[in-house]
Amino acid sequence: MKRRAFIAGLGATAAWPFVARAQQPAVSVVGFLSSRSPSESTAVATAFRQGLGETGFTVGQNVAIEYRWAEGHYDRLPALAAELVSLKVAAILAAGGPPSALAAKKATSTIPVVFSAADDPVGLGLVASLSRPGGNVTGMSLFNASLGAKRLALLHELVPTAGSVAYLTNPANPSVGLEVKAVQEAAKTFGLDLLIIDASTDQEIEAAFAHLAERHIGAVIVAGEPFFDSRRAAIVELAAKGAIPASYSWRENVAIGGLLSYGTTINESYRNSGIYCGRILKGERPSDLPVMQPTKFEMTINLKTARTLGLNVPPALLTAADEVIE
């Protein structure tokens, strides 16, 4: 089901960048195209509005947001992107990784597009280069796929008795090749047996965890992936039910009972996306805005979950953690 939030008083907005500023209405409209679900996106949506606010745009005053949610169903994104283009929005936030970014880029070559997260945006064809994106697309690069090796290293340190580790990924995500390669190379370094498990539906996620239990896999890394984000609570619950130590990309998983996470701060990515959209609304071109790259990476450990799993967290790991949830 599509979920939409319409804000009263929306006016038609001029298409970027060919109409003079004086011709634009008082209220600009930004499209929010997300491959995720609204139920688990409250924090990131708030961070995006915060970024807009930092550039002088307040929802309900001089900017409005049209939301479109794919809820993990990537095949819905092209139609949702086309809807936003037909509304002649002033800019589009492509939220939730490469699937939404690619759908937005394909839908328009004139409306500015800011993606909230994309691994290897040059390789995916989103931008010409990180420093000079060119065209109508720019955004945030999170290095999420390449961080898979680090997540495996941390999980191996936390669960050293696990001789086999699974990597749960979604083959529908264009970044899947990068993710798998990084984790496979790391597994060889540690002498671990690595099982790649694909899941792109709710049923496949459930089957994946059942398979992990049957195979007595020692631990699992869950890819930082929009479809999995939209099923965050279910995945954490399945890991707990099967007593399987799991590592994630985002702190949000650990906050609701996941064991371990390592990665960038996704809220910061959305805030920066809001800042970029605000700058574009003020007249800057996406082709002149370099793709932002993260400079800070955080580790979160849920000590309560570790105890439930019978794990003793090494003191060095606790010391290194940016946050320990008791």
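The values are calculated or read from the model by the stated rules, or taken from the named source; none is laboratory data. Note that the structure is a prediction, hence the values are computed from the model and not measured. With ideal geometry, Cβ positions are generated from the backbone for all residues, glycine too; neighbour counts draw on all protein chains shown. The area values use the complete protein model at the heavy-atom level, side chains included, leaving out ligands, DNA and RNA. Shrake-Rupley method; radii C 1.70, N 1.55, O 1.52, S 1.80 Å.
Shown here is the pair-distance distribution of region 75-169: with all Cα-Cα distances grouped in 10 Å bins from zero up to the longest one, the shares run 16, 38, 22, 15, 8, 1 percent. Per residue, the accessible area of the chain comes to 42 Å² when a 1.4 Å probe rolls over the protein heavy atoms. Computed from backbone phi, the HN-Hα couplings of region 158-168 come to 7, 10, x, 7, 7, x, 10, 9, 9, 10, 8 Hz, rounded to whole numbers (Karplus: 6.51 cos²θ - 1.76 cosθ + 1.60, θ = phi - 60°; Gly and Pro given as x).
Kirkwood Rh, region 230-326, all Cα pairs: how many Å? Its Kirkwood hydrodynamic radius stands at 15.3 Å. Simple rule: put +1 on each Lys or Arg Cβ and -1 on each Asp or Glu Cβ in the chain, find the dipole, and look at Leu33, Gly60, Leu168; the Cα lying farthest toward the positive end is Gly60.
Taken over the C-alpha atoms, region 284-326 has Rg and Dmax values of 17.8, 54 angstrom.
Treating each Cα of region 113-156 as an identical point scatterer and summing with the Debye formula, the log10 of I(q)/I(0) at q = 0.16, 0.18, 0.33 Å⁻¹ comes to -0.46, -0.54, -1.16. Each peptide in 291-297, 181-187 receives the mean, over its residues, of other Cβ atoms within 10 Å, and ordering these scores from highest gives 181-187, 291-297.
The alpha carbons of region 148-199 stretch over 32, 16, 15 Å along the principal axes, in descending order. Across q = 0.23 Å⁻¹, region 126-234 modelled as identical point scatterers on its alpha-carbon atoms has Debye log10 I(q)/I(0) values of -1.29, in the order of the q list.
Computed over the chain, relative contact order equals 20 percent, with contacts defined as Cα pairs under 8 Å that lie 6+ residues apart. For region 196-326, the share of accessible area belonging to carbon and sulfur comes to 49 percent (1.4 Å probe, ligands and nucleic acids excluded).
Sorted by packing (mean other beta-carbon atoms within 10 Å per residue), highest first, where do 136-142, 161-167 land?
136-142, 161-167
Evaluated on region 185-228, the Kirkwood hydrodynamic radius is 11.7 Å, with distances taken between all distinct Cα atoms. In this simple spin-label model, placing a label point 7 Å from the Cα along the Cα-to-Cβ direction at both Thr58 and Asp198 gives a separation of 5.0 nm. Rounded to two decimals, the Cα radius of gyration of the chain over 2.2 N^0.38 Å is 1.02.
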